[in-house]
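Student: Shown below is the structure under consideration.
The values are calculated or read from the model by the stated rules, or taken from the named source; none is laboratory data. Predicted, not measured: the structure shown is a model, and the values here were computed from it. When we count neighbours, we look across all protein chains shown, and the Cβ atoms used for this are built from the backbone with ideal geometry, even at glycine. Note: areas computed on protein heavy atoms with side chains; ligands, DNA, RNA excluded. Shrake-Rupley method; radii C 1.70, N 1.55, O 1.52, S 1.80 Å.
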Amino acid sequence: MAMLSSKSNEDIRLMLDDYGIKHGPVVDSTRALYEKKLREAIAKSKKPQPQSDRTYYREEEDVTYIHHRRPQQYGDVSDRTWTDYRAMDYVDEPVVYRTQSSYRNISRSTPAEPQTQKTPENSSTRLVPIWLQILVFVIVSALLYLVFINMEPAGPVKRLT
Amino acid sequence: MSSTSQKHKDFVAEPMGEKSVMALAGIGEVLGKRLEEKGFDKAYVVLGQFLVLRKDEELFREWLKDTCGANTKQQGDCYSCLREWCDSFL
């Protein structure tokens, strides 16, 4: 920040307008007052920025929460939306928040898959590891197969005809 | 703010002419001395500052506080004194 005292009266006046500070002419007797007001305004405008970033991240957290629910049902779409999110400017911290929210989210929205709670952060790009998805698929298909086998007397054969 | 002091009434009753800064309402010996040290030795010089600050209450109060350390009441008394004087004579 450049020294305010080295700026011209005109510059001070322009800065006062920039910060929306009500003022009169910048003359010798008012200079000190306006410099003080500018310093306060500059300090004030710097402070809230990290806080507003934090609120943004909180929103990010909520948003990722919502976005995460839907993609849970559709397999590949979830990957695409996640990569879109990662492409945003705020790279590092949202990832942290995202994994936290996704961790929470997985435990909430997929109670049928308790195994996923253990390994969401270990996977590099996927939330649910591929081997787990295949395993679940195999188990479900095996169950369905067993059901079909036991239905023989009632007859899927009959249905085919 | 509703009741004005005798000092206030005396000041706003006539043109200030060459009155000392201590003639202003809210400005006693201590504050008057501090203002004089800063170059504001006459009431009309403070009036000049009041006008340059566009007769804005907030700015004037802040300036008075910074310049001579006036408290809230003193700021208010001086401001309303000058404002009323301006209403009549400016």
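Student: Per-residue accessible area for A:Ile134 at 1.4 Å probe radius, Å² rounded to 10?
Tutor: 90
Student: Provide the descending list of Cα extents for the stretch B:1-52 along its principal axes, expressed in whole angstroms.
Tutor: Principal extents (Cα only, largest first): 30, 22, 19 Å.
Student: While we're here: Summed for both chains, how many Å² of accessible area, to the nearest 100, are buried between B and A with a 1.4 Å probe? Each step should come with its number before you reach the end.
Tutor: Values: alone 5200 and 12180 Å², together 16470 Å².
In total, this chain pair buries about 900 Å².
Student: Sort B:Lys42, B:Lys73 from largest to smallest accessible area, using a 1.4 Å probe on the heavy atoms of the protein chains.
Tutor: These residues rank, largest area first, as B:Lys73, B:Lys42.
Student: I'd like the mean, over residues of A:24-35, of how many other protein chain beta carbons sit within 10 Å of each residue's own Cβ. List each step's numbers first, then the result.
Tutor: Values: counts 10, 3, 1, 3, 2, 10, 6, 0, 3, 10, 3, 0.
Per-residue shielding by partner chains comes out at 4.
Student: How many angstrom lie between the C-alpha centres of the stretch A:1-45 and the stretch B:65-85?
Tutor: The stretch A:1-45 and the stretch B:65-85 have Cα centres separated by 22 Å.
Student: Set the bar at 21 Å for Cα to Cα. Now go through B:Lys9/B:Lys42; A:Lys37/B:Lys7; B:Lys9/B:Lys65; B:Lys7/B:Lys42; A:Lys36/B:Lys38 and name every pair that lies beyond it.
Tutor: Details: B:Lys9/B:Lys42 18 Å; A:Lys37/B:Lys7 32 Å; B:Lys9/B:Lys65 23 Å; B:Lys7/B:Lys42 16 Å; A:Lys36/B:Lys38 17 Å.
Violating the 21 Å Cα-Cα cut-off are A:Lys37/B:Lys7; B:Lys9/B:Lys65.
Student: With a ≥ b ≥ c the root eigenvalues of the C-alpha gyration tensor of the stretch B:4-87, is it rounded (a/c under 1.5), prolate (a/b larger than b/c) or oblate?
Tutor: Working: a/c = 1.26, a/b = 1.14, b/c = 1.11.
Cα axes put the stretch B:4-87 in the rounded bin.
Student: Additional query: Using Cα-Cα distances under 8 Å and only pairs 6 or more residues apart, what relative contact order does the stretch B:4-87 have, in percent? Don't skip to the end; give the middle numbers.
Tutor: Working: 92 pairs, mean separation 30.2, N = 84.
Here the relative contact order equals 36 percent.
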